[in-house]
1. For the structure I just gave you, tell me whether Ala135 is under 25 Å from Thr68 (Cα atoms), among the aliphatic types (A, V, I, L, M) and either touching a residue at least 60 places away in the same chain (Cβ under 8 Å) or in a helix (DSSP H, G or I) (or both).
2. In the stretch 129-146, which residues are exposed (fewer than 14 other Cβ atoms within 10 Å of the Cβ) and of a type outside the set (Asp, Glu)?
3. Out of all the residues in the stretch 138-181, which are of a type in the set (Ser, Thr, Tyr) and more than 23 Å from Pro79 (Cα to Cα)?
4. May I ask you to verify whether Ile105 is assigned to a helix (DSSP H, G or I), touching a residue at least 60 places away in the same chain (Cβ under 8 Å) and closer than 29 Å to Gly171 by Cα?
5. Inspect all residues belonging to the stretch 164-171 and state whether any of them is among the hydrophobic types (A, V, I, L, M, F, W, C) and closer than 23 Å to Leu49 by Cα.
Amino acid sequence: MMDRRELLHRASILLGGAISASTAAGVLAGCVATPEQTATAQPPQGGFLKAGEMAIIAAMADQIIPRTDTPGALDAGVPAYIDRMATGYYSDIDRGVLRGGLIQIATDTMEFRGKSFDELSSDDQILLMKKYDQAQYEQTRRNAGITGAVPHFFRMIKELTIIGYCVSEPGATKLMKYSQTPGPYRGDVPYAEIGKAWAT
């Protein structure tokens, strides 16, 4: 079974580098895309994201990891995960960057097509996301090695989408290989079948 540290390592490789401390803290604390429901679970109280912002996040997450032959980001509950992470684990500075970026997206889409981001065609959404991705790439390169540099909002959205998907049940079982550990006890496995003794 992949532990949380291995998941963070693999997700950072997918993102092309390290992940933010806030995201790492959330994952290590057990924040998952689809939390288990219990009989005493309370309905979620208002999180950080407003309805319009949640619509933008949902549309972007759906473009980043769409449904194909495997479930997509929306199927895995990624928008709610992003809201939980921003609410519970992100600093005020990071939340400010995220909110400022969502306001910028709303403004850009109104100027571009007179619609909200989630109402744009898929091609228009991708066009704007490529623009934001280029901006985040340039900002990340400029800030390389600067301690405490503020991340770009689009990098935060991509990071949270990928991590949220990877910690969800569909991501962990359909995208990645899942091996239940510990598995069943089998005391009669021939050594030739294993090939080598396990070091750990």
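Taken together, the values in this text are just the output of simple stated rules run on the coordinates, not laboratory data. What you are looking at is a predicted structure, and each value in this text was computed from that prediction instead of being measured. Cβ placement follows ideal geometry from the backbone for every residue including glycine, while neighbour counts extend to all protein chains displayed.
1. Working: under 25 Å from Thr68 (Cα atoms): no; among the aliphatic types (A, V, I, L, M): yes; either touching a residue at least 60 places away in the same chain (Cβ under 8 Å) or in a helix (DSSP H, G or I) (or both): yes.
In short, no.
2. Taking the stretch 129-146 as the starting set, the residues that turn out to be exposed (fewer than 14 other Cβ atoms within 10 Å of the Cβ) are 130-131, 134, 138, 141-142, 144-146.
Those that are exposed (fewer than 14 other Cβ atoms within 10 Å of the Cβ) and of a type outside the set (Asp, Glu): Lys130, Lys131, Gln134, Arg141, Arg142, Ala144, Gly145, Ile146.
3. Step one: filter the stretch 138-181 for residues of a type in the set (Ser, Thr, Tyr), giving 140, 147, 161, 165, 168, 173, 178-179, 181.
Listed by number, the residues that qualify are Thr140, Thr147, Tyr178, Ser179, Thr181.
4. Values: assigned to a helix (DSSP H, G or I): yes; touching a residue at least 60 places away in the same chain (Cβ under 8 Å): no; closer than 29 Å to Gly171 by Cα: yes.
So Ile105 fails the test.
5. Going through the stretch 164-171, the residues among the hydrophobic types (A, V, I, L, M, F, W, C) turn out to be 166-167.
With the extra rule that they be closer than 23 Å to Leu49 by Cα, the set shrinks to 166-167.
Checked the stretch 164-171: at least one residue is among the hydrophobic types (A, V, I, L, M, F, W, C) and closer than 23 Å to Leu49 by Cα.
One line per residue, one yes/no per condition, for (1) of a type in the set (Val, Ile, Thr); (2) touching a helix residue (DSSP H, G or I) at 6+ places or on another chain (Cβ under 8 Å):
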position: Ser91; (1), (2): no, yes
position: Met110; (1), (2): no, no
position: Lys115; (1), (2): no, yes
position: Asp123; (1), (2): no, no
position: Met129; (1), (2): no, yes
position: Thr147; (1), (2): yes, no
position: Thr161; (1), (2): yes, yes
position: Gly171; (1), (2): no, yes
position: Lys174; (1), (2): no, no
